[in-house]
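Each remark here refers to the structure printed beneath this line.
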Amino acid sequence: MAPPQTPPGGPGPADPRRPAGDGPLPAKTALRDQVLAARRRLSLAELAQTALALSEEVLALPEVRRAATVAAYVSVGSEPGTGLLLEALRARGHRVLLPVLRPDLDLDWAEHRGAVGLARAGRGLLEPTAPTLGTDAVATADVVLVPGLAVGPAGERLGRGGGSYDRALARVPVGTLTAVLLHPGETGLPVPTESHDRPVAAAVVPGRVLRFG
């Protein structure tokens, strides 16, 4: 059974991964608002179709097919759904790591043990209840799948503004596939960047995979 997901539309601009008092570039805020507004207009049928298509695309990636460990995440709100993907990865024998948000907004990691091993956490997130493995556990993954709102032509990833995944991506060894999962229309956008931003190596959207670099 796929993990439960937060109803479409939330979390909105006041996202759990975005700390209070964050001061991003105005262009980032404008693009975030634009993408979030578009996501709130998606129907349940569209979200379900995207979740299925993304699962098929990710599972077909050669890096995923030979991976022992995949770091992923539990989607919330109108994010591209990961429930089907997470269960398929486990069914195929992959070890799956999921993030646990720390009070300092850094990410710890724990092994995914199925929907029964997920619990409601603060900020509206679903997190694994298995023992945490430390912030450096993401470096042991052969593939790292991350959330995002948009990606630029060179892999510039627009996140929610909290910096959690930028810190996590900084720990991933060079050469490891890092990929953001997105809805149609969220690729090739003019994503502003700051010094702490970490690009991704690929973007997965329904029907295609974009590689950068």
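Has segment 107-114 got any residue that is more than 26 Å from Leu44 (Cβ to Cβ), in contact with a Ser or Thr (Cβ under 6 Å, 6 or more places away or on another chain) and in contact (Cβ under 8 Å) with a residue 60 or more places away in the chain? Let's see the steps before the verdict.
Narrowing segment 107-114 to residues more than 26 Å from Leu44 (Cβ to Cβ): 107-111, 113.
This time we only want the ones that are in contact with a Ser or Thr (Cβ under 6 Å, 6 or more places away or on another chain), so: 107-108, 110.
Then drop every residue that is not in contact (Cβ under 8 Å) with a residue 60 or more places away in the chain, which leaves 107.
Within segment 107-114 (the criterion being more than 26 Å from Leu44 (Cβ to Cβ), in contact with a Ser or Thr (Cβ under 6 Å, 6 or more places away or on another chain) and in contact (Cβ under 8 Å) with a residue 60 or more places away in the chain), the answer is yes, since at least one residue qualifies.
Among the residues of segment 31-45 satisfying the criterion of being loosely packed, with under 11 Cβ neighbours inside 10 Å and among the small types (Gly, Ala, Ser), which is nearest to Glu186 (Cα to Cα)?
Checking each candidate, the answer is Ser43.
Quick check: anything in segment 178-189 hydroxyl-bearing (Ser, Thr, Tyr), farther than 13 Å from Val35 by Cβ, assigned to a strand (DSSP E or B) and over 12 Å from the mean Cα position of the chain (by Cα)?
Residues of segment 178-189 hydroxyl-bearing (Ser, Thr, Tyr): 178, 187.
Now restrict to residues that are farther than 13 Å from Val35 by Cβ: 178.
Narrowing further to those that are assigned to a strand (DSSP E or B): 178.
From what is left, the residues that are over 12 Å from the mean Cα position of the chain (by Cα) are none.
Within segment 178-189 (the criterion being hydroxyl-bearing (Ser, Thr, Tyr), farther than 13 Å from Val35 by Cβ, assigned to a strand (DSSP E or B) and over 12 Å from the mean Cα position of the chain (by Cα)), the answer is no, since none of the residues qualifies.
Determine which member of the set Gly162, Gly148, Gly155, Gly134 is touching a Pro at 6+ places or on another chain (Cβ under 6 Å) and closer than 22 Å to Asp108 by Cβ. Give the derivation first.
Numbers: Gly148 fails: touching a Pro at 6+ places or on another chain (Cβ under 6 Å); Gly155 fails: closer than 22 Å to Asp108 by Cβ; Gly134 fails: touching a Pro at 6+ places or on another chain (Cβ under 6 Å).
Only one candidate qualifies: Gly162.
Does Ala139 satisfy the condition of being under 23 Å from Leu101 (Cβ atoms) and small (Gly, Ala, Ser)?
On the way: under 23 Å from Leu101 (Cβ atoms): yes; small (Gly, Ala, Ser): yes.
The answer is yes for Ala139.
Checking Arg66 against (1) basic (Lys, Arg); (2) under 18 Å from Ala179 (Cα atoms); (3) without any contact (Cβ under 8 Å) to a residue 60 or more places away in the chain, only one condition comes out false. Which one?
So the condition that Arg66 fails would be (3).
On the given criteria, is Val138 touching a residue at least 60 places away in the same chain (Cβ under 8 Å), part of a strand (DSSP E or B) and either closer than 23 Å to Ala179 by Cβ or among the hydrophobic types (A, V, I, L, M, F, W, C) (or both)? Spell out how you get there, then give the answer.
On the way: touching a residue at least 60 places away in the same chain (Cβ under 8 Å): yes; part of a strand (DSSP E or B): no; either closer than 23 Å to Ala179 by Cβ or among the hydrophobic types (A, V, I, L, M, F, W, C) (or both): yes.
In short, no.
Could you check segment 191-201 and list, in sequence order, the residues that are surrounded by 15 or more Cβ atoms within 10 Å (Cβ to Cβ) and touching a residue at least 60 places away in the same chain (Cβ under 8 Å)?
To start, the set of residues in segment 191-201 that are surrounded by 15 or more Cβ atoms within 10 Å (Cβ to Cβ) comprises 191-193, 197-201.
Passing the criteria: Val191, Pro192.
Quick one: which of Leu89, Leu85, Leu98 is at negative phi, part of a strand (DSSP E or B) and either modelled with pLDDT of 95 or more or in contact with a Cys (Cβ under 8 Å, 6 or more places away or on another chain) (or both)? Give the steps one after another, and end with the answer.
Numbers: Leu89 fails: part of a strand (DSSP E or B); Leu85 fails: part of a strand (DSSP E or B).
Sole residue among the options that is at negative phi, part of a strand (DSSP E or B) and either modelled with pLDDT of 95 or more or in contact with a Cys (Cβ under 8 Å, 6 or more places away or on another chain) (or both): Leu98.
Is it fair to say Arg167 is in contact (Cβ under 8 Å) with a residue 40 or more places away in the chain, among the charged types (D, E, K, R), touching a strand residue (DSSP E or B) at 6+ places or on another chain (Cβ under 9 Å) and over 24 Å from Glu57 (Cα atoms)? Show your work before the answer.
Numbers: in contact (Cβ under 8 Å) with a residue 40 or more places away in the chain: yes; among the charged types (D, E, K, R): yes; touching a strand residue (DSSP E or B) at 6+ places or on another chain (Cβ under 9 Å): yes; over 24 Å from Glu57 (Cα atoms): yes.
For Arg167, the condition - in contact (Cβ under 8 Å) with a residue 40 or more places away in the chain, among the charged types (D, E, K, R), touching a strand residue (DSSP E or B) at 6+ places or on another chain (Cβ under 9 Å) and over 24 Å from Glu57 (Cα atoms) - is met.
The values are calculated or read from the model by the stated rules, or taken from the named source; none is laboratory data. In this text, all values refer to a predicted model and were calculated from it rather than measured experimentally. Using ideal geometry, Cβ is built from the backbone for each residue, glycine included, and neighbour counts are taken over all protein chains shown.
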